[in-house]
1. Just tell me the longest site-free run in the chain, where the sites are trypsin sites (Lys or Arg not before Pro) in a DSSP loop having at most 15 other beta-carbon atoms within 10 Å.
2. Among Leu199, Leu83, Leu124, which one shows the biggest mean-square fluctuation in a GNM of the chain, springs joining Cα atoms closer than 10 Å?
3. Could you give the length gained by full extension between Lys244 and Arg99, i.e. 0.36 nm per residue of separation minus their alpha carbon distance, to one decimal place?
4. If each Cα of region 117-165 is one equal point scatterer, what is log10 of I(q)/I(0) from the Debye formula at q = 0.14, 0.30 Å⁻¹?
5. Taking the chain as the reference, fit the longest principal axis to its C-alpha atoms, fit the long axis of helix 262-286 to the helix C-alpha atoms, and give the angle between the two in degrees, 0 to 90, nearest 10.
6. Can you tell me the relative contact order of the chain? Whole percent, Cα pairs under 8 Å, sequence separation 6 or more.
7. Give, in nm to one decimal, the length gained when the segment between Gln135 and Leu83 is fully stretched (0.36 nm per residue of separation minus the Cα-Cα distance).
8. Placing +1 at every Lys and Arg Cβ and -1 at every Asp and Glu Cβ, with all other atoms neutral, what dipole size does region 190-290 have around its Cα centre, in debye to the nearest 20?
Amino acid sequence: MSVNVATVITIDELKGLSSFDAAEARVRKSLTDSIGDAEAFVRFFGRYTSWNGFFGSAVATLAGKIGRCRGLFLDPAQPVRQLADRSVYIASFFFDAARDEFDDRDTVHRDTHRCLAQSTVKGLIDWHVDRGVAQFSDPAALNALLQEPLWLHTLNTQVAHGYGAGTPDDVPSVFRSIGYHLGSELLADQEFSLIDQSLRDKAPEMTEFLRTHKVNIAGQAHVAYQWVSIHSGHGGGAEADHFKWATRGARLAFRFVAPELHDELRREIHKGFRRFAADHEEFFTRVNQA
């Protein structure tokens, strides 16, 4: 089947909506400012895993939102309306990302990405405990260090809204949320790759420890570095895979709405992408604030 280029969302198109160089610089600076300080670096990862941890539930929300839009995504080749609904078919391409988030396909165990992220934080704590950082053996001190600030709670709420929670189940809202999701996958692939490379370059001994150290979370032993490696473009590239699925879902969403709406709906995708880029900027600007 031929692809209508007017319905294709490209990386170059999205990169034209915000400065990827500026985003990369913010990620690099946040890492540079924290990586040499034990408390600052564990706090950085605690906040990063908190923010990142909302995206799995959020993309499941998006898949459900699209699936509920029955009668809005119709196959023009099927004249029987009952048979023409393609909402769940489109949603399936976004649910693929949620499936990984709730049980990563690369392992035989029920490894949610949230559990893997918690394993990374615990691995960092264990590394510093082994090197005599006394406060990391104190749960009260760790709870104080990892307490989430109000701005992060607000930003996490914005993630849910960006993915469509609390917005109408209509076509413009769906396309706007698709744009937000595309932003999260595209920029996450960049940031995980930067985090991976920075750890390998600036903290090789700690990185090697995390690559072999196992942490028990929810009754399952997880390699502490697995969360970083499966998301990085240097490793599993999960975010890049999710982006490909999302662009295919977006193309199908265009296919099953009236062509005269395409220009308007592409603008909605751009709005959602810019919204995520703004949230991304806020997180990496504020992440190291005490």
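1. The answer is 132-290.
2. Per the Cα network of the chain with a 10 Å cutoff, Leu83 tops the list.
3. Working: separation 145, 0.36 × 145 = 52.20 nm, distance 1.48 nm.
Length gained between Lys244 and Arg99: 50.7 nm.
4. Computed log10 I(q)/I(0) values: -0.51, -1.05.
5. Taking the Cα atoms of the chain, the angle to 262-286 is about 10 degrees.
6. Values: 397 pairs, mean separation 84.8, N = 290.
With pairs under 8 Å counted, the relative contact order is 29 percent.
7. Values: separation 52, 0.36 × 52 = 18.72 nm, distance 6.18 nm.
Fully extending the segment from Gln135 to Leu83 adds 12.5 nm.
8. Working: 14 positive and 14 negative charges, 48 e Å.
It comes to approximately 220 debye.
The values are calculated or read from the model by the stated rules, or taken from the named source; none is laboratory data. As the structure is a prediction and not an experimental result, all values here were calculated from the model. Virtual Cβ from ideal backbone geometry, glycine too; neighbours counted across all protein chains shown. Remember, those area values only see protein heavy atoms, side chains included, never the ligands or the DNA or RNA. Shrake-Rupley method; radii C 1.70, N 1.55, O 1.52, S 1.80 Å.
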